[in-house]
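Take a look at the structure set out below.
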Amino acid sequence: MSRHTDLNGDDVIEYKTGTWNEDHTGFIGETTKIVYTTYKSAAGINIDNSTRAGEPNYSFKNTRYTPNSYQMGVYKSMDQASKAAAILLAGAVSLPSLAEAFPATAANVFIYGPIEELAGLPNPEGMIEKTMVKDAANSYLSKKLEHAFANGRLNYLGSNVGAVKQKAISLANSYKPLLKNGDNTIIGNINGQATSIKAFVKDGEISNMNIYPGVSNRATDGPVINFGNQTW
Amino acid sequence: MIKSQYILDILSLILDGNDIDSKLKKQIKFISEKNRQHTGAGVFIYFDHDKDIFKCKVNQDIVLNGLKIYSKEYDLEAEVNLFTKDGLLDYLEILAIAGSYPIEDPKKYIVKQIWLNSPNREIVREN
């Protein structure tokens, strides 16, 4: 995936799409697609309702829900874009809810989300075009977090590792205004067990994360944030 | 017995503090590496225990952190967590803060205590 500003000054995401291969690591029949997005800030939803010359299907080009993991685009009709925006704005974003909202033949919908979740999503009559396009930062952190799950020590957080990783990333992101460059420790109880989430911040962005069971009594220079009790 | 000087240095510094049961540090001589699990980003090192370790068993399981590892050899900055289970040293986790973690133990490195109110000790092996 690449992202750049095109000749018209539009923010452009160029991505690959196709049919998932068996282990969801790539596509068969890969093609390149381009998304035009008005996404400019770290929060909110933007809908670009202009029509792009030469691309009649883009009456509504893109809808993006930020700051976390979902981004969806709806094109072909205002009705579909409005429906998508309503779902996203309601804050009840889930892939099944999107699948339910869009009947099988209604729309060409693309959803950006964790590969692990996309793989398990009901996809009636191929309605949803699964893509590998995800929030680039979250995808990177998700990869880095694979380390934390390597020895099964986090099984108590849930059996869907992809979903657990996204929850951890979302939790860390929710405290982003409190995080400082360097090490940050986010502690609390998840599913009844003391848990530490480390967020390593560089230039204001979370560059790496770790999760482990237990909480150390030792404090370091970085902030320690207590998130209380959560059930995942 | 732990054979890697690198791992011994890490263990000796992370278990060096007034905030832990002194019996825990005494366990070092009764452990050996059972196996390693490299994840790309870091490594988990699991310990076997000699039977004599049980005289140094502690009552509470803890997680210890507060070390940083630096190695110019691998352009590495890493952090360390040590976990106990059933009162015994269970496994060590080393995670590269950026980039990947080397398969081989660094030969040239600095291990440094960074937790607040630590003795501020460090071990430098750069020759």
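General observations
- All positions within the stretch B:95-113 that are outside any loop (DSSP other than H, G, I, E, B) and either facing chain A (nearest Cβ under 10 Å) or charged (D, E, K, R) (or both): B:Leu95, B:Ala96, B:Lys112, B:Gln113
- Residues in the stretch B:51-76 that are within 11 Å of another protein chain (Cβ to nearest Cβ) and buried (at least 16 other Cβ atoms within 10 Å of the Cβ) were compared, and the one that is farthest from the chain's Cα centre (by Cα) is B:Ile62.
- Among (1) out of contact with any helix residue (DSSP H, G or I) (no Cβ under 6 Å at 6 or more places or on another chain); (2) surrounded by fewer than 21 Cβ atoms within 10 Å (Cβ to Cβ); (3) within 11 Å of chain B (Cβ to nearest Cβ); (4) not charged (D, E, K, R), the one test that A:Ala148 misses: (2)
- Selection from the stretch B:16-50 of residues that are modelled with pLDDT under 95, farther than 26 Å from A:Ser142 by Cα and within 14 Å of another protein chain (Cβ to nearest Cβ): B:Asp16, B:Gly17, B:Asn18, B:Asp19, B:Ile20, B:Asp21, B:Leu24
- Only listed residue being at pLDDT 90 or above, polar (S, T, N, Q) and closer than 24 Å to B:Tyr46 by Cβ, chosen from A:Asn151, A:Asn217, A:Asn155, A:Asn226: A:Asn155
- Unique residue being closer than 24 Å to A:Asn184 by Cα, within 14 Å of another protein chain (Cβ to nearest Cβ) and surrounded by fewer than 18 Cβ atoms within 10 Å (Cβ to Cβ) when the list is B:Leu116, B:Leu92: B:Leu116
- Number of the condition not met by A:Val164 [criteria: (1) more than 10 Å from chain B (Cβ to nearest Cβ); (2) closer than 17 Å to B:Ala41 by Cα; (3) of a type in the set (A, V, I, L, M, F, W, C)]: (2)
- Subset of the stretch A:186-213 [surrounded by fewer than 19 Cβ atoms within 10 Å (Cβ to Cβ) and within 11 Å of another protein chain (Cβ to nearest Cβ)]: A:Ile187, A:Ala194, A:Lys202, A:Ser207, A:Pro213
- Top-ranked residue of the stretch B:77-88 - restricted to ones that are part of a strand (DSSP E or B) and free of Cβ contacts under 8 Å to residues at least 40 places away in the same chain, ranked as surrounded by the most Cβ atoms within 10 Å (Cβ to Cβ): B:Ala78
- Residues in the stretch A:214-228 that are part of a strand (DSSP E or B) and at negative phi were compared, and the one that is nearest to the other protein chains (Cβ to nearest Cβ) is A:Val224.
The values are calculated or read from the model by the stated rules, or taken from the named source; none is laboratory data. This one's a predicted model, so the numbers in the text were calculated from it and none came from an experiment. Methodologically, a virtual Cβ is constructed for each residue, glycine included, from the backbone with ideal geometry; neighbour enumeration extends over all protein chains shown.
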